[in-house]
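Every number in this text was worked out from the coordinates using simple rules, so none of it is lab data. Predicted model, so just to flag it, every value in this text is computed and none were measured. Neighbour counts are summed over all protein chains in view; Cβ atoms, including those assigned to glycine, are modelled from backbone coordinates with ideal geometry.
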Amino acid sequence: MKQLFFSFLFSISITSLFAQQKQLTIEDAMVNARTTLAPENLKQLQFIKGTNDYVYLKKTDGVDVWMKGNFKSKEESDYLTLSAFNQYLRKAALDTMKAMPAIQFAANEFTTTIKGQKMSFATDMSSEVLISKEIAAKDNVEQSSDGYIAYVDNHNLFVTKNGDTKKVTEDGSDGIVYASTVHQSEFGITKGTFWSNYGKLLAFYRMDQTMVPDYPIIDWTERPAKVNNLKYPMAGDSSHHVTVAVYNAETKNTTWIKTTGPAEQFLTNIAWSPDDKFLYIVILNREQNHFWVNQYNAVTGDFVKTLFEEEDAKYAEPLVPMLFVKNNPSQFIWQSKRDGWNHLYLYNADGSLVKQLTKGEWDVIDVKGYDEKGENLFFVSTAVSPISKNLYSVNIKSAKIKAITEGNNVHNTSISTDGAFVIDNYSNPADPRTVQLIDTKTGKTKLLLQAKNPLDNYSRGEMSIFTIKNQEGTDLYCRLFKPVNFDSTKKYPVIVYWYGGPHAQMILNGWNGGAGDYWFQYMAERGYVVFTLDTRGSSNRGKAFEQAIHRQAGVLQMQDMMSGVDYLKSLTFTDANNMGLFGWSYGGFMTTDFMLTHPGIFKAAVAGGPVIDWKYYEIMYTERYMDRPQENPEGYAATDLTKKIGNLKGKLLLIHGMQDNVVLMQHSVNLVKAAVDKGVQVDYMIYPGHEHNVLGKDRAHLYQKVTDYFTQNLH
């Protein structure tokens, strides 16, 4: 009797425990995951430039205040209160504010944007308008170290300083694009203006795309609907022509750089010499298998020399400009995958190789800058694991490498001006966030924040990260969420999420396994096994792992997915008859391709923003991995999924943003037309007003749609 009573009490306590555990809503999973349910952080944490002090924004008694500390201080102190900040504004004859804006701090000043204008405030409370509200509203605004401001207005480039404005170009139009990103923002290109070190010379792009046909993007908010034409160069067709010029802000003269060669080539990785006398441009051929690192005279525009060149049998992809060694203008750092992994190489300014600075079967994934003397360079790599990120320094002379952070974690770091200290913000699956200061010389640390698990009050499925072997014996990283209240004797439906393409990695040994939201946990709460794997083609596994997909997009990724399917079927708790597949963009292509190439394995699938026929995707990306359609007709034919739609078994939902200017909506529309022609039923959802990604509050709507689709079809 006593034993029975104890069991009864035990069952009540367990029931009470589960009753206290909340379930995520779709808004929690998709919106609040980045706000109220994100791991606690130190807001706008930064070093004060020129010092080793750090500051961050917090609320004290409901009021914003900037806190300051350093490695030696035991306690933090107020640095800038809201009342003190408002005193700066009053002295500048500006309205006061109820909350702090974003601020960047330096030793004797700080900069911020007030009602659209960028301003600088000195510690003596003097102020200066750096960029006026009128100019800040223009396109592609960039200020030089000497105070000149470049911007684009009505397609043309202007440069101004102290009210003296020069219209640098005259023929800008929809077809002639100035001072903007070119080549579809590939090859690491993120902007179109490049101020020199001393801030008086401006290199800028000119892109002639008049030979590229207009592509209509419909604005459905107008009555009647309005056509906005987009220049979109498709694989195998004519490409735009890009040139580079240098504008001298003092003489107001423009010099065109004499880049010879075919018009259809790519001009990338622009860099200035430390003395501003030379401009460096990487010239990549359209075939994307050969590039030249060229030096040009910035005054005359004349070609000086090719420092070196690189070739690759499949493709070469220069992504990062040369980085001159601090305090030594005769040498620079170059990143290359020439030995199979992305590593750092030291060169003399004449183009002669000095030495390889880093080496091993791991990738350098970011360079953070030099220490005070320029003797050591900080970089981030995957040396511990392909799914981790750690900070290291390498000595320029000896090539000796020193670990600054450690462990199988994902470390996000920033470095003080002199390189003496590092702000380390890291996580792993068990640790939502740890923020610490690191003394780079001693390795000693100071804890700034240990975040609590923001999901402590929510029911959660157990997550694990592991590897499986593909058919060739290569390790593939996987992530699996088990259902909440998991029972190994039961069988659960499965959802598989993947991407499969280059420049992406789904699985990291960070918080939530690298997922940016909580949808996987949301589905685990609802009784699903949720599985992800990174196939060949994905990032941070070396050149061979990525290049395996060359000329055969989808083929080896689907082989790897079959290895994942075999693993899932080997588990006693998965229901192989109720599995769903989900992917977006390249993952949408992979999802659709798998459903049509291996019909019947997945009962339902969702393909968002999918590429359906690679002939309809842009030149720069597509031809890198697939070559031109004329050169690889078999490869392209295999990726024309409209020809495979008759193979579909199971349910397929296609989703597309109606203003998608990356993967054009024509892709999914063509697949729907092919399905109608074949008498095949597919489902289709559109998101008006959204481009390639459905963002904001509508993202919750999107994922509710995906959830409902799997709920309806996996049973």
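Using a ≥ b ≥ c from the Cα gyration tensor of the range 578-705 (square roots of the eigenvalues), is it rounded, prolate or oblate, where a/c under 1.5 gives rounded and otherwise the larger of a/b and b/c decides, a/b for prolate?
Numbers: a/c = 1.77, a/b = 1.14, b/c = 1.56.
The shape class here is oblate.
Taking amide H positions as placed 1.01 Å from N in the peptide plane, with prolines and chain starts having none, which residues 5 or more places from Lys389, or on another chain, fall under 5 Å of its amide H?
When sequence neighbours closer than 5 places are left aside, the close amide H contacts are Asn409, Val410, His411.
Round to the nearest 0.05 the FRET efficiency obtained for Asp708 and Glu250 when R0 = 60 Å and r is the Cβ-Cβ distance.
Details: r = 63 Å, r/R0 = 1.04.
My answer for the efficiency is 0.45.
If Lys and Arg each add +1 and Asp and Glu each add -1, what is the summed charge of the other residues whose beta carbon sits under 14 Å from the beta carbon of Pro610? Could you put the intermediate results ahead of the total?
Numbers: positive: Lys644; negative: Asp593, Asp613, Asp640, Asp660, Asp683.
The answer is -4.
Given the convex hull over the Cα atoms of the range 607-673, what projected area results after averaging over all orientations, in nm²? Could you put the intermediate results ahead of the total?
Numbers: hull surface 19.2 nm².
Result: a mean projected hull area of 4.8 nm².
Considering the dipole of the chain built from charges on the beta carbon (Lys and Arg +1, Asp and Glu -1) around the Cα centre, which of His241, Thr268, Leu455 is farthest to its positive end?
Leu455
Assign unit charges at the C-beta atoms only (+1 for Lys and Arg, -1 for Asp and Glu), then state the dipole size of the chain relative to its Cα centre in Debye, rounded to the nearest 20.
Numbers: 73 positive and 78 negative charges, 316 e Å.
It comes to approximately 1520 debye.
Going by how many other beta carbons lie within 10 Å of each one, how would you line up Met579, Met523, Met658, fewest first? Walk me through the intermediate numbers first.
Numbers: Met579 25, Met523 28, Met658 15.
The order, fewest Cβ neighbours first, is Met658, Met579, Met523.
So what are the ³J(HN,Hα) numbers for the range 161-167, from phi and the Karplus equation (6.51, -1.76, 1.60; θ = phi - 60°), rounded to whole Hz, Gly and Pro as x?
Working through the residues one at a time gives 7, 6, x, 8, 10, 10, 7 Hz.
So how far apart, in nm, are the two label points at Ser488 and Asn327 if each is 7 Å from Cα heading toward Cβ?
Distance between label points: 6.0 nm.
Using the Kirkwood radius over C-alpha pairs as Rh, can you work out the diffusion coefficient of the range 643-703 via Stokes-Einstein at 4 °C, viscosity 1.567 mPa s, in µm² per second? Walk me through the intermediate numbers first.
Values: Rh = 12.4 Å.
For the chosen part, D equals 104 µm²/s.
Listed here are the pairs Lys226/Lys678; Lys490/Lys569; Lys74/Lys118; Lys167/Lys200; Lys191/Lys231; Lys91/Lys166; which of them are more than 23 Å apart at the Cα? Write down the numbers at each step before the final one.
Values: Lys226/Lys678 32 Å; Lys490/Lys569 14 Å; Lys74/Lys118 34 Å; Lys167/Lys200 16 Å; Lys191/Lys231 17 Å; Lys91/Lys166 32 Å.
From the list (Lys226/Lys678; Lys490/Lys569; Lys74/Lys118; Lys167/Lys200; Lys191/Lys231; Lys91/Lys166), the Cα-Cα distance tops 23 Å for Lys226/Lys678; Lys74/Lys118; Lys91/Lys166.
Quick check on the exposure proxy: order Asp302, Asp64 from fewest to most C-beta atoms within 10 angstrom. Each step should come with its number before you reach the end.
Details: Asp302 12, Asp64 18.
The order, fewest Cβ neighbours first, is Asp302, Asp64.
Between Lys441 and Thr123, how many nm apart are label points set 7 Å from Cα along the C-beta direction?
The answer from the label model is 2.3 nm.
Want the number for Glu311 to Asn162: 0.36 nm per residue separation, take away the alpha-carbon distance, what's left?
Details: separation 149, 0.36 × 149 = 53.64 nm, distance 4.68 nm.
Between Glu311 and Asn162, full extension yields an extra 49.0 nm.
Express in whole angstrom the spacing between the alpha-carbon centres of the range 155-192 and the range 239-303.
15
By a straight-distance test (C-alpha under 14 Å), which aspartates and glutamates pair with Lys615 as possible cross-link partners, with residues fewer than eight away in the same chain excluded?
Candidates past the 8-residue exclusion: Asp237, Glu623, Asp627, Glu631, Glu634, Asp640.
Send over the semi-axes of the range 564-649's equivalent ellipsoid, whole angstrom and largest first, taken as the square roots of 5 times the C-alpha gyration tensor eigenvalues. Don't skip to the end; give the middle numbers.
Working: eigenvalues 161, 32, 26 Å².
With the √(5λ) rule applied to the range 564-649, the semi-axes are 28, 13, 12 Å.
Going highest first, how would you order 591-598, 117-124 by mean Cβ packing within 10 Å?
Details: 591-598: 23.5, 117-124: 15.6.
By packing density, highest mean first, the sequence is 591-598, 117-124.
With only alpha-carbon atoms counted, please give the Rg and Dmax of the range 230-280, in Å.
Values for the range 230-280 (Cα only, Rg and Dmax): 14.4, 43 Å.
Taking the Cα centre as origin and putting +1 on Lys and Arg beta-carbons and -1 on Asp and Glu beta-carbons, what dipole magnitude results for the range 584-680, to the nearest 20 debye?
On the way: 10 positive and 10 negative charges, 101 e Å.
Computed charge dipole of the range 584-680: roughly 480 debye.
Packing-wise, with mean Cβ within 10 Å as the measure, how do 27-35, 603-611, 178-186 rank, highest first? It would help to have the intermediate numbers written out before the result.
Values: 27-35: 18.2, 603-611: 26.9, 178-186: 21.3.
My ranking of the peptides, most packed first, is 603-611, 178-186, 27-35.
Give me the mean projected area, in nm² to one decimal, of the convex hull enclosing the Cα positions of the chain. Please list the in-between numbers first.
Numbers: hull surface 145.8 nm².
Averaged projected area of the chain's Cα convex hull equals 36.4 nm².
Quick one: net charge around Gly500, please, counting Lys, Arg +1 and Asp, Glu -1 for every other residue with C-beta under 13 Å from its C-beta. Walk me through the numbers before you get to the answer.
Working: positive: Arg536, Arg541; negative: Asp534, Glu546, Asp560, Asp593.
Local charge sum for Gly500: -2.
Beta carbons within 10 angstrom, averaged per residue: use that to sort the peptides 73-82, 241-250, highest first. Working shown, then result.
Numbers: 73-82: 13.0, 241-250: 19.3.
Put in order of decreasing packing, that is 241-250, 73-82.
How compact and how long is the range 77-157, expressed as Rg and Dmax of its alpha-carbon atoms in Å?
Final numbers for Rg and Dmax: 14.0, 48 Å.
Please list, in order along the range 274-288, the HN-Hα scalar couplings obtained from phi with the Karplus expression 6.51 cos²θ - 1.76 cosθ + 1.60 (θ = phi - 60°), rounded to whole Hz, x for Gly and Pro.
With the stated coefficients, the range 274-288 comes to x, 8, 6, 7, 10, 10, 10, 9, 8, 9, 10, 5, 4, 5, 6 Hz.
Hey, got the Cα dimensions of the range 32-83 along the principal axes, in Å, largest first?
Ordered largest first, the range 32-83 gives principal extents of 35, 23, 21 Å.
Please enumerate, by chain and number, the aspartates and glutamates with C-alpha under 17 Å from the C-alpha of Lys58, excluding those fewer than 8 residues away in the same chain.
Cα-Cα hits under 17 Å: Glu40, Glu75, Glu76, Asp78.
Starting at 0 and stepping by 10 Å, how many percent of the alpha carbon pairs of the range 193-289 end up in each bin?
Bin by bin from 0 Å, the calculated values are 14, 34, 26, 18, 8, 0.
In the calculated pair distance distribution of the range 43-127, what percentage of Cα-Cα distances lie above 20 Å?
Numbers: 1077 of 3570 pairs.
Tail of the P(r) past 20 Å holds 30 percent of the pairs.
Take the Cβ-Cβ distance between Ala84 and Lys452 as r, set R0 to 41 Å, and report the resulting FRET efficiency rounded to the nearest 0.05.
On the way: r = 31 Å, r/R0 = 0.76.
The computed FRET efficiency comes out at 0.85.
Run the reach check for Lys49 against aspartates and glutamates, Cα to Cα strictly under 16 Å, same-chain hits fewer than 8 apart removed. What comes back?
Hits, sequence-local ones excluded: Glu109, Asp371, Glu372, Asp418.
Given Cα pairs under 8 Å that are at least 6 residues apart, what percent is the relative contact order of the chain?
On the way: 1632 pairs, mean separation 65.6, N = 715.
Once normalised by length, the contact order is 9 percent.
Relative to the compact-globule scaling 2.2 N^0.38 Å, provide the ratio for the alpha-carbon radius of gyration of the range 135-183.
Values: Rg = 10.8 Å, N = 49, 2.2 N^0.38 = 9.7 Å.
Expressed relative to 2.2 N^0.38 Å, the Cα Rg reads 1.12.
What is the Cα coordinate range of the range 370-467 on the first, second and third principal axes, sorted by size from largest, in whole angstrom?
Rounded to whole Å, the extents work out to 52, 32, 17 Å.
In 10 Å bins starting at zero, report the fraction of Cα pairs in the range 167-215 per bin as a rounded %.
With a bin width of 10 Å, the distribution comes to 23, 48, 25, 4, 0.
Can you tell which of Ile465, Leu480, Ala420 lies farthest toward the positive end of the dipole of the range 411-491, using +1 and -1 charges on the Cβ of basic and acidic side chains (Lys, Arg; Asp, Glu)?
The Cα lying farthest towards the positive end belongs to Leu480.
Work through the residues other than Gly537 whose Cβ is under 10 Å from its Cβ and net out their charges, Lys, Arg +1 and Asp, Glu -1.
Numbers: positive: Arg536, Arg541; negative: Asp534, Glu546, Asp560.
Here the charged neighbours net out to -1.
Each residue of the range 676-693 in order: what ³J(HN,Hα) in whole Hz does its phi give by Karplus 6.51 cos²θ - 1.76 cosθ + 1.60, θ = phi - 60°, with x for Gly and Pro?
4, 4, 8, x, 9, 8, 10, 10, 9, 10, 10, 10, x, x, 9, 8, 6, 10
Magnitude of the Cβ-charge dipole of the range 43-127, K/R +1 and D/E -1, about the Cα centre, nearest 20 debye?
Details: 12 positive and 9 negative charges, 39 e Å.
The calculation lands at about 180 debye.
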